[in-house]
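Here's the structure we're looking at; comments come further down.
The values are calculated or read from the model by the stated rules, or taken from the named source; none is laboratory data. All values derive from a computational prediction rather than experimental measurement. Virtual Cβ from ideal backbone geometry, glycine too; neighbours counted across all protein chains shown. Please note that ligands, DNA and RNA were not included when accessible areas were found on the heavy atoms of the full protein model with its side chains. Shrake-Rupley method; radii C 1.70, N 1.55, O 1.52, S 1.80 Å.
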Amino acid sequence: MSEHDAETLAGMIEAMGYERTNESEKADLVVLHTCCVREKAESKVLTRIGILKRLKEKNSSFILAVGGCMTQQKSVAKYIKQSFKGVDIIFGTHNIHRFPELLEEVKHRRHAVLEVWDEPDGVRETLPVARSDKTKAYVNIIYGCNNFCTYCIVPYVRGRERSRSVESISEEVKGLLDQGYKDVMLLGQNVNSYGKTLEDRPDFSDLLTHLDTLGDYRLRYMTSHPRDFSGRLIESIANSNNVCEQFHLPLQSGSNNIIKKMHRGYTKESYLEMVDKIYQEFTEPVLTTDIIVGFPGETDEDFEDTLDVVRKARYDLAYTFLYSPREGTPAATMDDQVPQEVKMERFNRLLALQNQISLEKNQAMVGKEYEVLVEGTSKTSDKILTGRTRGGKVINFAGEPSDVRQLRMVEVVGARTWSLQGKIRQGE
Ligand code: SAH
Ligand code: SF4
């Protein structure tokens, strides 16, 4: 979602006549678009600000802007303003559309501005977007989050849920397909809440069923909440042509005790039941997840439950995180915080188990053929292509640059933990 916001910022900035450069030394403007989900993301930004503000010494008209989730927290915005004199513009998540005006103000009046809104003012439909890819595109369907999982800062910095209308989403997807895009990722913190704020209350299944009729392409979504992943949705996906067999279902923890303290609203058993249904309904679904290690009060026994779910669900990939206390969230002030070395030890055990499963699942693909959407060429050679299966698995194989953005049948001939090697079918 932050990546897509950055595409919108880029669109607005390009519309003002700026050109993109990959070298910050040459830039007249740098915008840091930030994330605050974990502390590490925040400290990286502070380091970057420290480095980038030095560019002012060589270029007196250089402008440095910081926006996004991190600066949506008023205390952080204030801290940055006071501690880093070189930052010219500070903005939040709700006023991203105001960026061009803030930039004009700084350019003409030569003084720093800080503008962070408490609330969003509806859903904006007309901002320009400079997409960073020509094959895959992101499309927002719902903004904000109402879930308030106890570890998570997102609802505080992204506001309450608000959905775009089916019509405007549909228009955007049609436009993308007309431009030749082949893979559309629908975005939302919880896509399963889609439609609740709209008058005729369409739900996420309705939206998928509608978008499925728009053409021949790959349709994905992120993120769905395991609590709301219904049988009806599984059915709509199974009956569609375009919705891919890729399921990102953030587990966070496998222990009922911890899941409850996290406010996630499912149980280990209901989660595994849903996973079973997916394995029954689809021949080769790709299953991924997010897991937090070391949530306050997590015991060895709780952690064993997480490992148990990982063994049973057999994820293709898991994004694993050390619990990071976020100021203002309920979990940050819970008593029994887990010591860092215990978190690390558990994290490493989880990683080793998951890596083994990822490798085994990739090895099971060897000898089979998959439809691959070619996304690009490798950095080292334009005869080495990289693409993805419908499930989202990355495959590298030899081919021609003209294959890029095309579908090719590729046989998997080798497997590693995070990638596959393939061979294009003869005559393709
Ligand atoms: N809306 C999505 C993702 C939100 S943030 C969802 O519900 O899954 C992405 C991931 O970051 C989360 O799934 C969670 O695993 C992780 N995360 C969020 N807050 C965290 C925290 N305080 N510490 C560690 N990881 C966290
Ligand atoms: Fe955070 Fe939970 Fe909302 Fe995801 S669903 S953004 S983890 S509060």
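Partner aspartates and glutamates whose Cα lies under 14 Å from the Cα of K134, excluding those fewer than 8 positions away in the same chain, are identified as E7, D178, D183, E375, D403. On the full set of protein chains, 1.4 Å probe, figure out the accessible area of Y138 and give it in Å² to the nearest 10. Its heavy atoms expose roughly 60 Å² to the probe. Applying the Karplus relation 6.51 cos²θ - 1.76 cosθ + 1.60 with θ = phi - 60° to region 67-84 yields 3J(HN,Hα) values of x, x, 5, 5, 7, 5, 6, 4, 5, 6, 4, 5, 4, 5, 4, 6, 8, 10 Hz, where x marks Gly and Pro.
Highest average first, the peptides 23-30, 318-325 ordered by how many other beta carbon atoms sit within 10 Å of their residues are 318-325, 23-30. Note on L177 and R416: their simple-model spin labels are 3.6 nm apart, each label 7 Å out from Cα toward Cβ. Farthest toward the positive end of the dipole of the chain, out of I259, I141, P128, is the Cα of P128, where the dipole comes from beta carbon charges about the Cα centre. Based only on Cα atoms, what mean projected area does the convex hull of region 49-127 have, in nm²? Its Cα hull, projected and averaged over all orientations, spans 5.6 nm².
Here the label points at E167 and K260, each 7 Å from Cα along the C-beta direction, are separated by 4.7 nm in the simple model. With all pairs of separate Cα atoms included, region 262-335 yields a Kirkwood hydrodynamic radius of 14.0 Å. Derived value for region 287-386: Kirkwood hydrodynamic radius 16.2 Å. Basis is the mean of 1/r over every pair of different alpha-carbon atoms.
Taking all protein chains into account, the per residue accessible area for the chain stands at 47 Å² (1.4 Å probe). Note on the chain: antiparallel DSSP beta bridges, both residues inside, total approximately 40 percent of the bridges counted. Roughly how many percent of the accessible protein surface of region 2-115 is carbon and sulfur, given a 1.4 Å probe and a whole-percent answer? Answer for region 2-115: carbon and sulfur cover 48 percent of the accessible area. Residue ranges 346-358, 330-342 sort as 346-358, 330-342 when ordered by packing (mean number of other C-beta atoms within 10 Å per residue, highest first).
Protein heavy-atom surface of region 369-424, 1.4 angstrom probe: 51% of the accessible area is carbon and sulfur, with nucleic acids and ligands not counted. When shorter helices are ignored and each DSSP H run of at least 4 residues is given -39500 (n - 2.57), the per-residue value for the chain at 222 nm works out to -10500 deg cm²/dmol.
Modelled spin labels at T209 and K107, positioned 7 Å past Cα toward Cβ, are 4.9 nm from each other. Where a ≥ b ≥ c are the square roots of the eigenvalues of the C-alpha gyration tensor, would you call region 2-115 rounded, which needs a/c under 1.5, or, failing that, prolate if a/b is larger than b/c, or oblate? In terms of gyration-tensor shape, rounded.
On the beta carbon distance between E14 and Q363, with R0 = 30 Å, the FRET formula returns roughly 0.10. Taking each of K196/K268; K136/K368; K56/K81; K182/K277 in turn, the alpha-carbon distance tops 18 angstrom for K196/K268; K136/K368; K182/K277. If you plug the beta carbon distance of D335 and D308 into 1/(1 + (r/R0)^6) with R0 = 25 Å, you get a FRET efficiency near 0.45.
For the chain, what percent of Cα pairs sit more than 32 Å apart? Percentage above 32 Å: 44.
At 0.692 mPa s and 37 °C, plugging the Kirkwood radius over alpha-carbon pairs of region 369-424 into Stokes-Einstein gives what diffusion coefficient in µm²/s?
Diffusion coefficient, whole number: 307 µm²/s.
Taking each residue as 0.36 nm, the span from D118 to S230 lengthens on full extension beyond its C-alpha to C-alpha distance by 37.0 nm.
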